[in-house]
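Comments concern the structure below.
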Amino acid sequence: MASQTWIIAALVEHKPGVLYKVSNMFRRRNFNIESISVGATEQGMARMTITITGDESTVEQLVKQMAKLVDIVKVSTLQPGNSVVRELALIKVHIPNTTARSDVIQYANIFRGRVVDVSPESLTIEVTGTSDKINAFIELMRSFGVMELARTGITALARGPKIIKVK
Amino acid sequence: MNMMTGAQILVEALKKEGVDVIFGLPGGAILPVFDVLYDSDIRFILVRHEQCSAHMAEGYAKASGRVGVCMVTSGPGATNLVTGITDAYMDSVPIVAFTGQVPRSMIGKDGFQEADIIGITMPITKYNVQIRSAKEIPYEVKKAFFLASTGRTGPVLIDLPKDTQTETTVPEFPEKVSVRGYHPDHEPHPLQVKKAAQLLLKGEKPLILAGGGVISSNASPELMAVAEHLVAPVATSLMGKGAIPENHPLSLGVLGMHGTREANKLILEADLLLAVGLRFSDRTTGKFDEFASDCKIIHIDIDAAEIGKNVPADIPLVTDAKRGLKDLYKALTELSDKKDNTTWMKRVQELRDLFRSEPEVKDSNLKPPKLMKELRSLLPPDTIVTTEVGQNQMWASLFFKVYKPRTFITSGGLGTMGFGFPAAIGAKVAVPNVPVVDIAGDGSFIMTEQELACSVTEEIPVVVLVLNNRMLGMVAQWQRLFYQRRYSAVELGDVPDFVKLAEAYGAQGMRVQSYEEFRKAVNEAVKSEVTTVIDVPISPEENVFPMVPAGKSLRETITGE
């Protein structure tokens, strides 16, 4: 079966150890996490967004194994084509001269990024969007020199009124 | 309610769950609880090694259908439980384990006897939790028993920091708990049930494979009803042994690596497989890709994650075995009268006659298959048999016929040597009025033999039958068959003398050299009021046949001829 990227969204109990339970299950069952982002959400729960690469039977087994964990309240897969998918990156770019400075600011504007920190030798830019867009922006910055880079991993919601319901 | 300490609350919560026996061993970090247990009516069975407390809890749970409880201290006490908990996890045995822990302020400081048992046991428990205040105890205990005993049953661990045991609070004991991420009751989809029934009725050569789920959900009557309606032969996994009486005309015995020849042959000929309450372990199926590849498969299991994990199902039914089989039987009877499977049953009978008509080998040595058959004829039908792991286990599986569910207790998934003896003690505590016999090998028995002390002092008499080949027999068998008889580290020698060993612990020891002595010894041992070890010397050259080599398909059964 063809390997592709899947987005899995899970509502979990927001308490210590739950992330470990989930990531440990991935390791034990030989699944590979591409990216994972976690943050608090409604009703004392946290939302995990996990991307993995695999075929359909792999993702089906993975979702079932996740659903089995008592602290996972609800888990489902999101269709990448029908979801709002975002990632945030902070990129510290080396600024050797003033031309570079204005170029970088211009590029940041084109990518709807924001300059969030300035120093004589560097600019730090915040950019959000799909992973592809962020990759493209980072590639563009390489010619100036990327000093440091931090990415959140993707987070996502289904388009339209559809939500992950808790029973 | 008045103010109570965490320890008092715990013991009260255990009483509310109906716990009347705990297996374990105390230590510093759990002393406040043991101090409260001193005044309680709960029977505490002191083990000599913590691993055995979990195995005893398993034996208790398997024999009785109730949750088994074990309790140990922090650090090494807790880590010694790991093998037992893993064993329970692999075989879905409902146990609740309590561990002491260093005080909350010491956690993470590498204190004396601190171990991160929550981190360690996460992948081997259905659920685990560290208590953070005495107030949480009633809810977490209720939740632990609920989780352990419902859905796909399994082990739950509660870790109790020492100061939560002494902290005082006014407890609130919940009547029931609900966990928002846990919904154990799955009703089978009516349409799927109907489709399954239609498919089953169409099959000309149906075969049923029953697993441990049939036994844990007490679904044997429902299994029999479906099997008899379809006139379908029933094989079992090792964990399912006892789901159908093995003297029933439809019983084929155990399927798999050491399955009966008729079971392993008929699964290759069947056109339809109804698999109930099992996870398609590689020991049952052989090579996954080639298992039942010409069959349509209906798979009933309470755990949705088991469906399609190892073997794909044509019709999945996510529900517990009892409910699934009950609904299926109803659908079958609505659609058709009892089936007529004369041709298929003739084939079943033909193979059975062929394989069972072989003359017994005339040999003055004590032969394990014959010993197993003799043992069966000597024991009452409801006798509980446990096994160790290795050749002894497979001889028992193949040749000791089990007539009732919950009377055959073995370590399937983990294959834990040393399991059988403590499990036998736990089973005897649960069902004191029937004989309990551990079918053992010398290698396994030595691993937990120290529980003879527990068995004798606690007056829990069981019988240990040591098939003594002075070898790690199964490993030796593999080395004999697949490693050119290069016996690397398998020879145990004649040490110890099991008769003297038993006597040293205050138990009874016997050695038998003939079938007649064997019969006499077993008859005496089951009546004995003290644990009896029967040493049965057998040849180190004995193999368990039939056998399917690891990683091969059931087609490649070796019969030893």
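The values are calculated or read from the model by the stated rules, or taken from the named source; none is laboratory data. Everything numeric here is computed off the predicted structure, so don't read it as measured data. Cβ placement follows ideal geometry from the backbone for every residue including glycine, while neighbour counts extend to all protein chains displayed. Each accessible area value is taken on the protein alone, full model and side chains, heavy atoms only, with ligands, DNA and RNA left out. Shrake-Rupley method; radii C 1.70, N 1.55, O 1.52, S 1.80 Å.
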B:Gly324 being open to solvent by less than 50 Å² (accessible area, probe 1.4 Å) and in a helix (DSSP H, G or I): yes
In region A:1-37, the residues that are open to solvent by less than 50 Å² (accessible area, probe 1.4 Å), more than 9 Å from every other protein chain (Cβ to nearest Cβ), out of contact with any helix residue (DSSP H, G or I) (no Cβ under 9 Å at 6 or more places or on another chain) and within 18 Å of A:Gln65 (Cα to Cα): A:Ala9, A:Val18, A:Ser23
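Which is touching an Asp or Glu at 6+ places or on another chain (Cβ under 8 Å), free of Cβ contacts under 8 Å to residues at least 60 places away in the same chain, more than 14 Å from every other protein chain (Cβ to nearest Cβ) and crowded, with 19+ Cβ neighbours inside 10 Å, of B:Ile307, B:Ile297?
None of the others qualify; the one that does is B:Ile297.
Does A:Thr53 satisfy being more than 10 Å from every other protein chain (Cβ to nearest Cβ), open to solvent by 50 Å² or more (accessible area, probe 1.4 Å), over 16 Å from A:Gly153 (Cβ atoms) and modelled with pLDDT under 95? So that I can check it myself, show each step before the final result.
Numbers: more than 10 Å from every other protein chain (Cβ to nearest Cβ): yes; open to solvent by 50 Å² or more (accessible area, probe 1.4 Å): yes; over 16 Å from A:Gly153 (Cβ atoms): no; modelled with pLDDT under 95: yes.
Taking the combined requirement at face value, the residue does not satisfy it.
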Among the residues listed as B:Ala396, B:Ala427, B:Ala423, B:Ala440, the single one being touching a His at 6+ places or on another chain (Cβ under 6 Å), touching a residue at least 24 places away in the same chain (Cβ under 8 Å) and either closer than 23 Å to B:Lys373 by Cα or not small (Gly, Ala, Ser) (or both): B:Ala423
Failed condition for A:Val104, given (1) crowded, with 19+ Cβ neighbours inside 10 Å; (2) away from every other protein chain (no Cβ under 14 Å); (3) touching a helix residue (DSSP H, G or I) at 6+ places or on another chain (Cβ under 6 Å): (3)
Residue match in region B:269-279 (condition: more than 14 Å from chain A (Cβ to nearest Cβ), open to solvent by 10 Å² or more (accessible area, probe 1.4 Å), within 19 Å of B:Arg555 (Cβ to Cβ) and in contact (Cβ under 8 Å) with a residue 40 or more places away in the chain): yes
Residue within region B:48-71 that is in a helix (DSSP H, G or I) and surrounded by fewer than 24 Cβ atoms within 10 Å (Cβ to Cβ) present: yes
Region A:19-40, residues that are free of Cβ contacts under 8 Å to residues at least 12 places away in the same chain and polar (S, T, N, Q): A:Asn24, A:Asn30
Check on A:Lys64, assigned to a strand (DSSP E or B) and within 14 Å of chain B (Cβ to nearest Cβ): no
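So that you can scan it fast, the table gives a plain yes or no per residue for (1) within 14 Å of chain A (Cβ to nearest Cβ); (2) surrounded by fewer than 18 Cβ atoms within 10 Å (Cβ to Cβ):
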site: B:Tyr139; (1), (2): yes, yes
site: B:Asp185; (1), (2): yes, yes
site: B:Lys195; (1), (2): no, yes
site: B:Gly203; (1), (2): no, no
site: B:Gly212; (1), (2): no, no
Selection from region B:69-120 of residues that are aromatic (Phe, Trp, Tyr) and away from chain A (no Cβ under 14 Å): B:Phe98, B:Phe112
Filter result for A:Ile134 (within 12 Å of the chain's Cα centre (by Cα) and touching a residue at least 40 places away in the same chain (Cβ under 8 Å)): yes
